[in-house]
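> What follows is a structure written as structure tokens; I'll ask about it next.
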Amino acid sequence: MNEVNLFLLNLAIASLLISVGTGIAGTILKRNVVKKVICLGMVSDAVAVLLAFIGFRVKYPSLPPVWLFKEGDEVEHALRVFADPLPQALVVTSIIIGVAFTLFLSVAVVKFYEDYGTLSFEKVLEEVEGEVEEGIE
Amino acid sequence: MQVTSPAPSLCVVVLAPVITVFMLLVAKVMRNDSLATALFWGGLATQLAVSVLVALRVFAGEVLVYAFGGWPPPAGVVLIANRVAGVFLLAGITVVFACAVALKWFLRDMRDDSVAAYAFTLLFASGYAGVVLTTDLFNIYVMMELLCISSYALISLKKGRAVAAALKYAVFGGLAGLMLALSAGVVYGLNGSMYFGDVSLAGVASLGAAGGVVVLMTVWSLSFFSALFPSHFWLPDAHSEAAPPFSAILSGVSILTGFYVLVRLSAAGLSHMGFMASLIQVLAQAGAIYAAVAMLVQRDIKRVLAYSTVLNTAYVFMGLTAGVDGVSAALLHALTHALGKALAFLSIGMIVKQVGSRDIYVLEGAGRAVPIVLIPLTASILNLVGVPPFPGFVSKVTLYKALMTHGSLSAALVLVLTSGIAALSYVRLLEHLWHPPVKRVGVPKLPLTMSFAIYGLMAAMVLLSVVCTSLVRIFNDALVAQHTVYSLAKLVVS
């Protein structure tokens, strides 16, 4: 791997880590639940790309892991240059879980907004505690 | 030790409820409610029956192994049931079944029709069985997400503010899940395998800075799902707002999964990892003190129980840092707490539904009006206090002894002290419920299904109190042999 490529790889990983960090910070700090969901999506995508990178560790240039009747020397060559398929399977799984999860969150946010007319669940939950204190609940 | 592979019963335990969910959707499209109900019971009963079978075979001395597609680890997904897994599978599925029996009575408070509640209960059961049996870090992530997403949905099904609590849990739970996925991937990158037999937390932590961060991330995300202080912030809202049967399965079953996975990863818990062990020990002790004090000031009766869950999680994590003895004591405590807390939430839910308030002062004397519920409720609370005939006493004493022998004097002290403080809250709760009624409360008719659920759980608790001393020994032996089992299973499959 030459120096330019190494630099680009490091840059990519650094920017992914930064977006994971930004996403986490947003999920915790934003009060608007739609923004929380968007930040969660950011983390989810960055994690997926990071996982895909793990499949390409140390091997560069690499080929897609497709086995087309290789024999003899070709087998050894293939094993040297193939990207690891396992992390890619993990990425696909985690993307699918992410889709399902985002769908659930979206439905829950809509229901929540219909009920309370606000997008801050913290506000609503604080009200709950207040009401119980007064013995209304 | 006899390793049986393949054991299709493990596959059935995990997949039967999921397959039933697909059929439920067909029933939903056909608008056939009785078919949906029949399918729901069919799925759950199959799972319960097969998990009884698994537990029996495991106790006959077998270790059950099932590799999907016959693929060996690290590429394949392998389910393994040793004795610890057998006991936890049976206990968890029993609690889910009992709560499902009680579910019918609470369906009227739900936002959606019964099919949604059925479907998510089945998915929850499936996710739990998966978490208990699987031996692969990434599959743990998948099963944990199945368990957690169905938990969020179960909470949000109740009308009212439950959806806010579910969102709070879901947003942070999603974050913890992603951290688990990322750490699984990095562990694979560093270690070349995610199979529990090949991964040791201490080994990964010794692989430089990245390894340390990954272990920290894994332990944090798992402790989030178990609501270890300070990641417990979602629990009091989520567990108090959910409908009673769901509070029961969340507080009883879902909460022990994070801890259980850590035990499956490493039989001695975190005891041999210096920094991690002291960090968890500090958090657990701080959490125990915080939760015990927080219990005292609650007026919402379900929040008292929710904070008691945080307290018991802290106890369980204390055991995680006290060697194999501590871990087996913690496993027993997780088990006694699961049954006791599920029973407490179910029976309190019954009283709360009758009175229409969760305020402890409004509930004054309400317990006396329903003595048939008050008896199991009292039993479950005495179990949580740790009064002698109940299994909670044995588990607390075993945990105390393990902490003392391991030299964690401060933890043992905190255990005794916080048990004392928490006992005040439990007694306060009982005092309010046993108080002569201040105003007339309508005497409810306890439906037969509801009494089945409550008394079934109480019978399970009595059974546990009979076997709990021998269970500690069984857990201990199983934990010592755990790594050998993983290696044997890998050999047998490949």
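The values are calculated or read from the model by the stated rules, or taken from the named source; none is laboratory data. Remember, it's a predicted structure, so these values are computed and weren't measured experimentally. Positions of Cβ are backbone-derived with ideal geometry, glycine not excepted, and every protein chain shown enters the neighbour counts.
> Residue check: is B:ALA329 under 16 Å from the mean Cα position of the chain (by Cα), among the aliphatic types (A, V, I, L, M), within 14 Å of another protein chain (Cβ to nearest Cβ) and under 21 Å from B:THR418 (Cβ atoms)? Give the steps one after another, and end with the answer.
Working: under 16 Å from the mean Cα position of the chain (by Cα): yes; among the aliphatic types (A, V, I, L, M): yes; within 14 Å of another protein chain (Cβ to nearest Cβ): no; under 21 Å from B:THR418 (Cβ atoms): yes.
When the stated conditions are applied, B:ALA329 does not pass them.
Yes/no matrix, rows are residues, columns are (1) polar (S, T, N, Q); (2) surrounded by 24 or more Cβ atoms within 10 Å (Cβ to Cβ):
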residue: B:GLY208; (1), (2): no, no
residue: B:MET217; (1), (2): no, no
residue: B:SER221; (1), (2): yes, yes
residue: B:PHE225; (1), (2): no, yes
residue: B:LEU228; (1), (2): no, yes
residue: B:LEU256; (1), (2): no, yes
residue: B:LEU270; (1), (2): no, yes
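> Which is closer than 26 Å to B:VAL78 by Cβ and either of a type in the set (Gly, Ala, Ser) or not in a loop (DSSP other than H, G, I, E, B) (or both), of B:LEU262, B:LEU216?
Numbers: B:LEU216 fails: closer than 26 Å to B:VAL78 by Cβ.
Exactly one of B:LEU262, B:LEU216 is closer than 26 Å to B:VAL78 by Cβ and either of a type in the set (Gly, Ala, Ser) or not in a loop (DSSP other than H, G, I, E, B) (or both), namely B:LEU262.
> Among the residues of the range B:352-371, which ones are of a type outside the set (Ser, Thr, Tyr) and within 14 Å of chain A (Cβ to nearest Cβ)? Explain how you work it out, then say what you get.
To start, the set of residues in the range B:352-371 that are of a type outside the set (Ser, Thr, Tyr) comprises B:352-356, B:358-360, B:362-371.
The answer is B:VAL352, B:LYS353, B:VAL355, B:GLY356, B:ARG358, B:ASP359, B:ILE360, B:VAL362, B:LEU363, B:GLU364.
> Scanning the range A:112-137 for residues that are at the interface with another protein chain (Cβ under 7 Å from one of its Cβ atoms) and within 27 Å of the chain's Cα centre (by Cα), which turns out modelled with the lowest pLDDT?
A:PHE121
> Quick check on my filter: what residues within the range B:154-173 are hydrophobic (A, V, I, L, M, F, W, C), closer than 12 Å to A:LYS111 by Cα and at the interface with chain A (Cβ under 7 Å from one of its Cβ atoms)?
Our first condition is that a residue be hydrophobic (A, V, I, L, M, F, W, C); within the range B:154-173, this holds for B:154-155, B:157, B:162-167, B:170-172.
Cutting the leftovers down to closer than 12 Å to A:LYS111 by Cα gives us B:157, B:162-164, B:166-167.
Once the filter is applied, which keeps residues that are hydrophobic (A, V, I, L, M, F, W, C), closer than 12 Å to A:LYS111 by Cα and at the interface with chain A (Cβ under 7 Å from one of its Cβ atoms), the range B:154-173 yields B:VAL163, B:ALA164, B:ALA166, B:LEU167.
> In the range A:84-100, which residues are without any contact (Cβ under 8 Å) to a residue 24 or more places away in the chain and either small (Gly, Ala, Ser) or at the interface with chain B (Cβ under 9 Å from one of its Cβ atoms) (or both)?
Of everything in the range A:84-100, those that are without any contact (Cβ under 8 Å) to a residue 24 or more places away in the chain and either small (Gly, Ala, Ser) or at the interface with chain B (Cβ under 9 Å from one of its Cβ atoms) (or both) turn out to be A:ALA89, A:THR93, A:ILE97, A:ALA100.
> Return a yes/no flag: does the range A:2-9 have any residue that is within 11 Å of chain B (Cβ to nearest Cβ), more than 19 Å from B:VAL187 (Cβ to Cβ) and out of contact with any strand residue (DSSP E or B) (no Cβ under 7 Å at 6 or more places or on another chain). Reasoning before the result, please.
The initial filter retains those residues of the range A:2-9 that are within 11 Å of chain B (Cβ to nearest Cβ), namely none.
Taking every residue of the range A:2-9 in turn, none turns out to be within 11 Å of chain B (Cβ to nearest Cβ), more than 19 Å from B:VAL187 (Cβ to Cβ) and out of contact with any strand residue (DSSP E or B) (no Cβ under 7 Å at 6 or more places or on another chain).
> Looking at B:GLY211, is it in a helix (DSSP H, G or I), modelled with pLDDT under 90 and more than 13 Å from chain A (Cβ to nearest Cβ)?
Working: in a helix (DSSP H, G or I): yes; modelled with pLDDT under 90: yes; more than 13 Å from chain A (Cβ to nearest Cβ): yes.
When the stated conditions are applied, B:GLY211 passes them.
> In the set B:VAL84, B:VAL95, B:VAL54, which member is of a type in the set (A, V, I, L, M), away from chain A (no Cβ under 14 Å), touching a strand residue (DSSP E or B) at 6+ places or on another chain (Cβ under 6 Å) and crowded, with 24+ Cβ neighbours inside 10 Å? Walk me through it before giving the result.
Details: B:VAL84 fails: touching a strand residue (DSSP E or B) at 6+ places or on another chain (Cβ under 6 Å); B:VAL95 fails: touching a strand residue (DSSP E or B) at 6+ places or on another chain (Cβ under 6 Å).
B:VAL54 is the lone residue from the list that is of a type in the set (A, V, I, L, M), away from chain A (no Cβ under 14 Å), touching a strand residue (DSSP E or B) at 6+ places or on another chain (Cβ under 6 Å) and crowded, with 24+ Cβ neighbours inside 10 Å.
> Turning to a different aspect of this structure: Looking for something more than 20 Å from B:ASN312 (Cα to Cα) and not in a helix (DSSP H, G or I) - is there at least one such residue anywhere in the range B:229-248?
Taking every residue of the range B:229-248 in turn, at least one turns out to be more than 20 Å from B:ASN312 (Cα to Cα) and not in a helix (DSSP H, G or I).
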